[in-house]
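The block underneath contains the structure these notes are about, expressed in structure tokens.
The values are calculated or read from the model by the stated rules, or taken from the named source; none is laboratory data. This structure is a prediction, so every number in the text was calculated from the model and none was measured. Glycine gets a Cβ as well: all are built from the backbone with ideal geometry, and neighbour counts include every protein chain shown. These area figures cover heavy atoms from the full protein model, side chains too; ligands, DNA and RNA do not enter into them. Shrake-Rupley method; radii C 1.70, N 1.55, O 1.52, S 1.80 Å.
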Amino acid sequence: MAESFMDRFRKGLERTRDILNADVEDLVRGRRPLKPEDLDAMEEGLIAADLGLPATQQAMEVLRARSADIWTGGVEAMRRLLRDEIRSILTRPAGVVPFTTRPWVVFVVGVNGVGKTTTIGKLAAAWKSEGRTTLVCAADTFRAAAAEQLAVWAQRTGAPFHRGAEGTDPSAVLTDALRIARSKGHDAVLVDTAGRLHTKGNLMAELAKMARVAGREIPGAPHETLLVLDATLGSNALNQGREFAKAGGVTGLVVTKLDGTAKGGVAVAVVRELGVPIRYVGVGEAVEDLLPFDPAAYTDALIGS
Ligand code: GDP
């Protein structure tokens, strides 16, 4: 039987949950009343799971303010308060409503190696299963290997694919791709962008230029800019997020590699700091390992029940 959505979320967050609950589990087994030191242990768990200091402090303030409930309600009460607080941090209004225009143009940005190509492959496949045609555009003309890899994903999915010659202007490649998508009536365009140039300033300027070019071809484009962050990088993912957020235009986050890490709490840290919702999470390398983000499911999988 296919695994449920919740099972896959749970499995993806297993290592983070173990870190977070190590001390609490001992408590549950001991079945003794909670003590103030137990809140300190919870705080250490949150830090160890990479929730970051601001989110940890926010959650701990609530736990300490409601400690009377915790002394009477025990571990369950503590978990419930924590779940509510984390869920409220993660719940952000969606900035955009997908597919309200055709083609729906999505830029995928992030540092090399975080999982941009893989995410695009998975998204193109998911949208195809919903009956949508997605043109995949390799606008990273600095890395031939990236375009090759993207071509493989596109072929596997049966998605139309467009790339330019190595070293050509990414904006020119993008313009061609958008014209093709418009003339063929494709539903969406997923644009893989460069993850590294000679300097960060160059990279951000390049992305800004591509956004201008897209807007000239298709009104309102890019309709979404998804920033991909690698959860295994922990707080470094947050630093990367800050750089891209500064450049502006990011409408949603994709947090990848949640399956391979105990740092899954970084999802909470990035949403709290960047103020942008997570749209998808990656929980493995296979095509089906991209899940639409669900704050409640994520929180339950993180805290355990
Ligand atoms: P890009 O350089 O940003 O395009 O990154 P890639 O898409 O090439 O991904 C880099 C590596 O991360 C590849 O080996 C992917 O298979 C792997 N990867 C991407 N997403 C995930 C994920 O959600 N989980 C795991 N375990 N690996 C992932």
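Counting only Cα atoms, the range 60-108 measures 56, 17, 16 Å along its principal axes, largest extent leading.
Counting only other residues whose beta carbon sits under 13 Å from that of Arg15, what net charge do I get with K and R as +1, D and E as -1? Value of the local net charge: +1. Here the chain exposes an accessible surface that is 51 percent carbon and sulfur, computed with a 1.4 Å probe and the other protein chains kept in place.
Net charge in the neighbourhood of Gly195 (other residues with Cβ under 14 Å of its Cβ; Lys, Arg +1, Asp, Glu -1) is -1. Secondary-structure-derived ellipticity at 222 nm for the chain, considering helices only, amounts to -17500 deg cm²/dmol, per-run term -39500 (n - 2.57) for DSSP H runs with n ≥ 4. Put simply, the amide H of Val189, placed in the peptide plane, has neighbours under 5 Å in Trp104, Val105, Val106, Leu135, leaving out anything fewer than 5 places away on its chain.
When nucleic acids and ligands are ignored and a 1.4 Å probe is applied, Lys263 ends up with an accessible area of around 70 Å². In this Cβ point-charge picture (+1 for Lys and Arg, -1 for Asp and Glu), the range 169-252 has a dipole of about 220 debye about its Cα centre.
For the range 87-179, the per residue solvent-accessible surface stands at 42 Å², with DNA, RNA and ligands left out and a 1.4 Å probe. Residues whose amide H lies under 5 Å from that of Phe161, counting only those 5 or more places away or on a different chain, are Val136; hydrogens are built 1.01 Å from N in the peptide plane.
Counting only residues at least eight positions apart within a chain, or on another chain, the lysines with an alpha carbon under 29 Å from that of Lys184 are Lys116, Lys122, Lys128, Lys209. As a ratio to 2.2 N^0.38 Å, the alpha-carbon radius of gyration for the range 97-166 is 1.08. Over the chain, Cα pairs under 8 Å with separation of 6+ residues give a relative contact order of 27 percent. Prolate is the label for the range 165-305, because the ratio a/c of its alpha-carbon gyration tensor axes (a ≥ b ≥ c) is 1.5 or higher and a/b is greater than b/c. Which net charge results for the neighbourhood of Val270, defined as the other residues with beta-carbon distances under 15 angstrom from its beta-carbon, given Lys and Arg at +1 and Asp and Glu at -1? Local net charge: +3.
Our Cα-only numbers for the range 1-148 put the radius of gyration and Dmax at 21.3, 61 Å.
Measuring max minus min along each principal axis, the C-alpha atoms of the chain give extents of 67, 46, 32 Å (largest first). Just so you know, the Rg over Rh for the range 249-292 is 0.98, from Cα atoms, with Rh as the Kirkwood radius. With Cα atoms defining each centre, the range 232-305 and the range 162-194 are spaced 27 Å apart in the structure. What lysines sit close enough to Lys35 to cross-link, taking a C-alpha to C-alpha distance under 27 Å and skipping anything fewer than 8 places away on the same chain? Filter leaves Lys263.
Distant-in-sequence amide contacts of Gly249, defined by a placed amide H-H separation under 5 Å and a gap of 5 or more residues or a different chain, comprise nothing. Screening the chain for whole DSSP H helices with an alpha carbon extent of at least 15 angstrom along the helix axis and a mean Kyte-Doolittle hydropathy of at least 0.0 yields 53-65, 144-157, 170-184.
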